[in-house]
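Down below is the structure, laid out as structure tokens.
The values are calculated or read from the model by the stated rules, or taken from the named source; none is laboratory data. Computed from a prediction, not measured in an experiment: that's the story for all the values here. Please note: Cβ atoms are built from the backbone with ideal geometry, for glycine as well, and neighbour counts cover all protein chains shown.
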Amino acid sequence: MRASWWSGSGILFGRSVPDPPGYDGSTSHIEPKSKQVSFKSEEYQCHTVSSQDQRWTLAYGYAITNDEPQIFRINEGRVVDTFDGVSPTGGVIANDGTAVVISNSDSKSGPNRMARIDNCGYHEIDSFNSNLRSPCISVSGDYISVATLPPSRKVCQYTNNGKHLSTYSFDRITPHLLGYYSSDDVPLLYITKFENGDPYLALDTSGVVQWRSFENYVMRSLTDRIGSWWNHKQNRNS
């Protein structure tokens, strides 16, 4: 297969597409599991996701008896803390126990919210007028991201304390997040076109494209590709 890749520069024509740098699929395609959680004589029907090292579990769901929503952080089988009154539609948890949850409003105009949960409590990070797809967190818990659904089609990245780092907009696809992977100690967020799909694009935390698939490359306009090639040539000659 012949195409171009790199952080927006690359080669105009020719060159095989290398493997996505740092990507091994180890944190991709994490599907929530259905599980009952027992807490204070109450049973909760929950969705659960685990950290990569399997030590931490995030569970979110409803009490079987009264439908009251509840969020749990669980460390090696022990409930560490709980939060009520919030009804997440998705969540993830890192190896350090930092969790991220999203809550989509019943209203089409939002607001839809993303929050961080850690040892200091529940902290709202941001709100959106578009519905949200399941969030992503780096294995270490340092970086957080979320994708918005049409009409916005954006990927937003944050530090673990909620500082906004970047927003990348898509014109042609609705992004799905595959996860953070490290290449030469640089965290890269991999994005795919479809759920459980192959990598389509990789962004660094500042929102700069660091890898393009063959499909992404050919979908770019010829003007963009010529401009990328010219910038790359000028940089090499400077």
Out of Val86, Val79, Val101, Val139, report the one residue that is modelled with pLDDT of 95 or more and out of contact with any Gly (no Cβ under 8 Å at 6 or more places or on another chain). Val79
When residues of segment 167-194 are limited to those that are at pLDDT 85 or above and among the acidic types (Asp, Glu), the one nearest to Arg133 (Cα to Cα): Asp171
Restricting segment 44-62 to residues that are over 14 Å from Lys33 (Cβ atoms) and assigned to a loop (DSSP other than H, G, I, E, B), the one nearest to the chain's Cα centre (by Cα) turns out to be Gln52
Assess whether Arg153 counts as being in contact (Cβ under 8 Å) with a residue 12 or more places away in the chain, among the charged types (D, E, K, R) and buried (at least 19 other Cβ atoms within 10 Å of the Cβ). no
Residues in segment 172-197 that are touching a Pro at 6+ places or on another chain (Cβ under 7 Å) and in a loop (DSSP other than H, G, I, E, B) total 1
Return only the number of the condition from (1) in contact (Cβ under 8 Å) with a residue 60 or more places away in the chain; (2) more than 20 Å from Ser145 (Cβ to Cβ) that Phe72 does not satisfy. (1)
(1) closer than 29 Å to Thr48 by Cβ; (2) free of Cβ contacts under 8 Å to residues at least 24 places away in the same chain; (3) surrounded by 15 or more Cβ atoms within 10 Å (Cβ to Cβ) all hold for Lys163 apart from (3)
Run down Ile117, Ile173, Ile191 and say which single residue is more than 13 Å from the chain's Cα centre (by Cα), surrounded by 23 or more Cβ atoms within 10 Å (Cβ to Cβ) and not hydroxyl-bearing (Ser, Thr, Tyr). Ile117
Identify the single condition in (1) hydrophobic (A, V, I, L, M, F, W, C); (2) in contact (Cβ under 8 Å) with a residue 40 or more places away in the chain; (3) over 18 Å from Leu188 (Cα atoms) that Cys120 does not satisfy, given that it satisfies every other one. (2)
Tally up the residues in segment 1-42 that are of a type in the set (D, E, K, R), at pLDDT below 90 and not in a strand (DSSP E or B), please. 4
Considering residues that are surrounded by 20 or more Cβ atoms within 10 Å (Cβ to Cβ) and either of a type in the set (Asp, Glu) or over 15 Å from Asp53 (Cβ atoms) (or both), the number found within segment 123-142 is 7
Assess whether Ser145 counts as being at pLDDT below 95, small (Gly, Ala, Ser) and buried (at least 19 other Cβ atoms within 10 Å of the Cβ). no
